[in-house]
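Accompanying notes for the structure given below.
Computed from the coordinates by the stated procedures, all read-outs in this text should not be read as laboratory data. Because the structure is a prediction, the values reported are computed rather than measured. Here Cβ is always computed from backbone atoms with ideal geometry, including for glycine, and neighbour counts include all displayed protein chains.
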Amino acid sequence: MSPAKQASESEAAAPMAAGARLEAMRRRVRLSRLAVWTVIAAGPTALCVAVTSTPATVEAATVAKPTAVRTAAAADPAGYAQLFVSAWLRSSANDANSAQAHLAQSLAPDAELPLPVPAGGAQATPQSVTAALRR
């Protein structure tokens, strides 16, 4: 083959190869545009589906009723002291099994119960005990 004919064939092959590459690039651009528009359209579509779908029903948990906790005298030390002194004055070392003796010993385990009054001495049981705060 003549060199001129070979040159013309190579020149003809070059535009064909460039045309094939150009066509492939156009396809990629079209596909990427299609993908972008699909993603953009999916947002409002998903929003519509979420709004129109029925919500799942959720049952509220049963509320447990709080139990009342009674503390002997955790809130006010004056009340604790008043309760102890009242129980201690009403108890006696002779009767360690009485309710007042048990209460006094439960409030202050190291405290000794008062000694009983001799028969001739007069000791009245207290009607009420009041704590007085000293500042």
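Listing for the model above:
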{"read-out": "Additional length obtainable on full extension of the chain from residue 48 to residue 132, 0.36 nm per residue less Cα span", "value": "23.0 nm"}
{"read-out": "Cβ-defined net charge surrounding residue 114, 15 Å radius [Lys, Arg +1; Asp, Glu -1]", "value": "-2"}
